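One structure is given here, and the rest of the page talks about it.
The values are calculated or read from the model by the stated rules, or taken from the named source; none is laboratory data. Keep in mind it's a predicted model, so treat the numbers as computed, not measured. Methodologically, a virtual Cβ is constructed for each residue, glycine included, from the backbone with ideal geometry; neighbour enumeration extends over all protein chains shown.
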Amino acid sequence: MLKILVTYAVQGEFVEIKWPDVEPYYIRTGIGKVKSAFHLAEAIRQVQPDLVLNIGSAGTVNHQVGDIFVCRKFIDRDMQKMKEFGLECEIDSSALLEEKGYCTHWTEDGICNTGDGFLTELTHVSGDVVDMEAYAQAFVCRSKEIPFISVKYVTDIIGQNSVKHWEDKLADARQGLSHYFNVLKERI
């Protein structure tokens with residue numbers, strides 16, 4: 001039985017996973033990189049999962065509300081500003097996922113840009129989607145050699161009343177992600 005630790009930031013993003021031969025565990029990490037990393041590390045210690053699957057909502061600059069992205073590449077936009085000092089700001093979790101044979105048929109590839117601020121103003125951001133947790137979780141998983149993948153539902157367009165749209169679209173995100181996992185993807 002494959003143990004999957006499913007992470008989500010807020011209760012409105014919770015989606016039950018119903019795959020055969022999978023034992024899912026769920027952890028609400030809270031919003032932000034620090035909380036997310038802490039709660040994930042504690043859950044990993046207790047569960048010892050084979051895979052960590054982060055699910056949730058995200059903003060975007062270049063895509064549409066309702067789009068879903070499977071992220072294996074992550075950027076820390078806060079640390080990106082310090083790149084010239086040699087600080088790491090990008091993680092690619094593809095290799096370990098491929099090595100284990102997990103999620104290879106999930107093809108809606110995107111790059112997730114993570115930071116501690118909720119972006120409300122239109123600005124240049126690298127990547128397809130913007131969140132506040134995924135990079136930190138990818139960092140924890142890489143350090144523990146656990147495969148990590150993040151699936152994000154676009155709830156808002158940055159610069160277009162993002163906070164209000166995010167709140168209004170959480171139910172849509174939950175429904176869209178539930179359909180994605182339990183109808184379209186049926187298996188890991």
**Q.** Residue tally, condition more than 17 Å from the chain's Cα centre (by Cα) and hydrophobic (A, V, I, L, M, F, W, C), over the stretch 35-60
**A.** 1
Q | Selection within the stretch 91-107 - assigned to a loop (DSSP other than H, G, I, E, B) and more than 26 Å from M79 (Cα to Cα) | A | G101, Y102, C103, T104, H105, W106, T107
(Q) Looking for something among the aliphatic types (A, V, I, L, M), farther than 25 Å from G115 by Cβ and modelled with pLDDT of 95 or more - is there at least one such residue anywhere in the stretch 38-47? (A) yes
Q. Which of the following residues is charged (D, E, K, R), within 24 Å of F181 (Cα to Cα), surrounded by fewer than 16 Cβ atoms within 10 Å (Cβ to Cβ) and in contact (Cβ under 8 Å) with a residue 12 or more places away in the chain: E13, E108?
A. E108
(Q) Taking the criterion of being among the hydrophobic types (A, V, I, L, M, F, W, C) and in contact with an Asp or Glu (Cβ under 6 Å, 6 or more places away or on another chain), would at least one residue in the stretch 25-33 satisfy it? (A) no
**Q.** One residue from S36, S57, S94 being over 27 Å from D168 (Cα atoms), in contact with a strand residue (DSSP E or B) (Cβ under 9 Å, 6 or more places away or on another chain) and not basic (K, R)
**A.** S94
Q. Considering only the stretch 158-188, how many residues are β-branched (V, I, T), more than 19 Å from G127 (Cβ to Cβ) and modelled with pLDDT of 75 or more?
A. 1
(Q) Return the residues of the stretch 79-90 that are exposed (fewer than 15 other Cβ atoms within 10 Å of the Cβ) and either in contact with a strand residue (DSSP E or B) (Cβ under 7 Å, 6 or more places away or on another chain) or part of a helix (DSSP H, G or I) (or both); say none if nothing qualifies. (A) K83, E84, F85
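With respect to L5, is the statement that it is surrounded by 15 or more Cβ atoms within 10 Å (Cβ to Cβ), more than 12 Å from the chain's Cα centre (by Cα) and in a strand (DSSP E or B) true?
Yes, satisfied.
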Q) Among (1) in a loop (DSSP other than H, G, I, E, B); (2) modelled with pLDDT of 95 or more; (3) touching a Phe, Trp or Tyr at 6+ places or on another chain (Cβ under 6 Å); (4) not charged (D, E, K, R), which single condition is I17 missing? A) (2)
**Q.** Residue in the stretch 96-105 that is closer than 15 Å to I68 by Cβ, surrounded by 15 or more Cβ atoms within 10 Å (Cβ to Cβ), modelled with pLDDT of 85 or more and not hydrophobic (A, V, I, L, M, F, W, C) present
**A.** no
Q. Say we look at the stretch 61-77 and pick out the residues that are outside any loop (DSSP other than H, G, I, E, B) and out of contact with any helix residue (DSSP H, G or I) (no Cβ under 8 Å at 6 or more places or on another chain); which of these is modelled with the lowest pLDDT?
A. R77
**Q.** Residue in the stretch 24-53 that is farthest from T104 (Cα to Cα), counting only those that are without any contact (Cβ under 8 Å) to a residue 60 or more places away in the chain, assigned to a strand (DSSP E or B) and touching a Leu at 6+ places or on another chain (Cβ under 7 Å)
**A.** I27
